[in-house]
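S.K.: Can you keep this structure in mind? I'll have questions shortly.
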Amino acid sequence: MKDVKILGSEIVYKGFNKITKYFFEFKSFDGKETFTMDKEIFQRKDAVAVLLYDPRVDGIVFIEQFRPGCYVADNIPCPLEIPAGLVDKGDDNFIATVKREAMEEANCEIEKYLEIGSFFPEISFSSRKIHLFCAKVNTGNLGISGGIKSESEDTKITLIKAADLRKMLDSGKIINSHTLIAVQWFFLNIDKVRKEFL
């Protein structure tokens, strides 16, 4: 792809998120043709998500909360997922957000962490990037619920043993993208994680 240009843009919606229509021009890979395209881009803040692992019990902390998107699409109100949240402006290393979301959504204090990586979950129409982490926590006083009630955030907290989680992964029970990626990474790197966190 050569010579990509933005010819113009216009905001078509502005609320909690913003949708901007962009007008693009670009040349074909062989440079022989020029294409134009207009596309609405869902402009969203970056987010972090963190897989919370307690090596003492070989368990991972998950939350459930109401998710309108998958409820409307597939009648699934509260999918199993790892804690996640929007990155505050100016928080370049993301750790402050990781610690905040772990405490707010799962009542977990992070003791140590590993970076998993970053990815774009919806590359054709969203600007959002998600930054993934794996963190060591102590689930001795986990509790059963969390969330910021004033923000209509109500989370159910569940501890799942690694062996049971592997079965859930293999049977397709994990449907959230950042959770799926983090869980797959965990099992691919389980020896490294246990060595680092024990």
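S.K.: Residues in region 118-157 that are in a strand (DSSP E or B) and closer than 30 Å to Phe24 by Cβ: how many? Walk me through it before giving the result.
M.R.: First, the residues of region 118-157 that are in a strand (DSSP E or B): 118-119, 126, 130-136, 145-146, 155-157.
From what's left, closer than 30 Å to Phe24 by Cβ: 118-119, 126, 130-132.
Total satisfying the criteria: 6.
S.K.: With respect to Glu115, determine if the residue is in contact with a strand residue (DSSP E or B) (Cβ under 8 Å, 6 or more places away or on another chain) and either over 30 Å from Asp191 (Cβ atoms) or part of a helix (DSSP H, G or I) (or both).
M.R.: Taking the combined requirement at face value, the residue does not satisfy it.
S.K.: Of the residues that make up region 126-134, is at least one over 16 Å from the mean Cα position of the chain (by Cα) and either modelled with pLDDT of 95 or more or exposed (fewer than 13 other Cβ atoms within 10 Å of the Cβ) (or both)?
M.R.: Looking for residues that are over 16 Å from the mean Cα position of the chain (by Cα) and either modelled with pLDDT of 95 or more or exposed (fewer than 13 other Cβ atoms within 10 Å of the Cβ) (or both), one finds none in region 126-134, hence no.
S.K.: Residues that are in contact with a helix residue (DSSP H, G or I) (Cβ under 8 Å, 6 or more places away or on another chain): which strands (runs of 3 or more DSSP E) entirely in region 20-100 hold 3 or more of them? Outline the logic, then answer.
M.R.: Working: elements: 34-43, 47-54, 59-64, 84-86.
Those strands (runs of 3 or more DSSP E) span 47-54, 59-64, 84-86.
S.K.: Is it the case, given these coordinates, that Asp58 is free of Cβ contacts under 8 Å to residues at least 12 places away in the same chain and among the charged types (D, E, K, R)?
M.R.: No; evaluated as a whole, the condition is false for this residue.
S.K.: Of all residues being among the basic types (Lys, Arg) and touching a residue at least 12 places away in the same chain (Cβ under 8 Å) in region 90-123, which is surrounded by the most Cβ atoms within 10 Å (Cβ to Cβ)? Just the residue, please.
M.R.: Across region 90-123, the extreme among qualifying residues is Arg100.
S.K.: Among the residues of region 37-63, write down those that are touching a Leu at 6+ places or on another chain (Cβ under 6 Å) and surrounded by fewer than 19 Cβ atoms within 10 Å (Cβ to Cβ).
M.R.: Across region 37-63, the qualifying residues are Lys45, Pro55.
S.K.: Okay, moving on. Tell me, yes or no, whether region 30-53 has at least one residue that is without any contact (Cβ under 8 Å) to a residue 60 or more places away in the chain and in contact with a Pro (Cβ under 8 Å, 6 or more places away or on another chain).
M.R.: no
S.K.: Between residues in region 173-198 that are free of Cβ contacts under 8 Å to residues at least 12 places away in the same chain and residues that are surrounded by 16 or more Cβ atoms within 10 Å (Cβ to Cβ) and part of a loop (DSSP other than H, G, I, E, B), which pairs lie under 6 Å by C-beta distance while being six or more apart or on different chains?
M.R.: Pairs found: Leu180/Ile174.
Listed here are the residues, each with its yes/no results for (1) of a type in the set (Asp, Glu); (2) farther than 30 Å from Val4 by Cα; (3) in contact with a strand residue (DSSP E or B) (Cβ under 6 Å, 6 or more places away or on another chain); (4) outside the structural domain of Ser152 (by TED's automatic domain parsing).
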position: Phe16; (1), (2), (3), (4): no, no, no, yes
position: Ile19; (1), (2), (3), (4): no, no, yes, yes
position: Phe23; (1), (2), (3), (4): no, no, yes, yes
position: Phe26; (1), (2), (3), (4): no, no, yes, yes
position: Glu33; (1), (2), (3), (4): yes, no, no, yes
position: Ile63; (1), (2), (3), (4): no, yes, yes, no
position: Gly69; (1), (2), (3), (4): no, yes, no, no
position: Val72; (1), (2), (3), (4): no, yes, no, no
position: Pro77; (1), (2), (3), (4): no, yes, no, no
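S.K.: Can you pull out every residue in region 147-167 that is more than 16 Å from Asp54 (Cβ to Cβ) and either touching a residue at least 24 places away in the same chain (Cβ under 8 Å) or among the polar types (S, T, N, Q) (or both)?
M.R.: Gly147, Ile148, Ser150, Ser152, Glu153, Asp154, Thr155, Lys156
S.K.: Which condition does Lys192 not pass, out of (1) more than 17 Å from Arg56 (Cβ to Cβ); (2) touching a Phe, Trp or Tyr at 6+ places or on another chain (Cβ under 7 Å), if it passes all the others?
M.R.: Condition (2) is where Lys192 drops out.
S.K.: Identify the residue in region 9-30 that is surrounded by 10 or more Cβ atoms within 10 Å (Cβ to Cβ) and among the small types (Gly, Ala, Ser) and, among all such residues, is modelled with the lowest pLDDT.
M.R.: Across region 9-30, the extreme among qualifying residues is Ser28.
The values are calculated or read from the model by the stated rules, or taken from the named source; none is laboratory data. Everything numeric in this text was worked out from a predicted model, so none of it was measured. We place every Cβ from the backbone using ideal geometry, glycine too, and count neighbours over all the protein chains shown.
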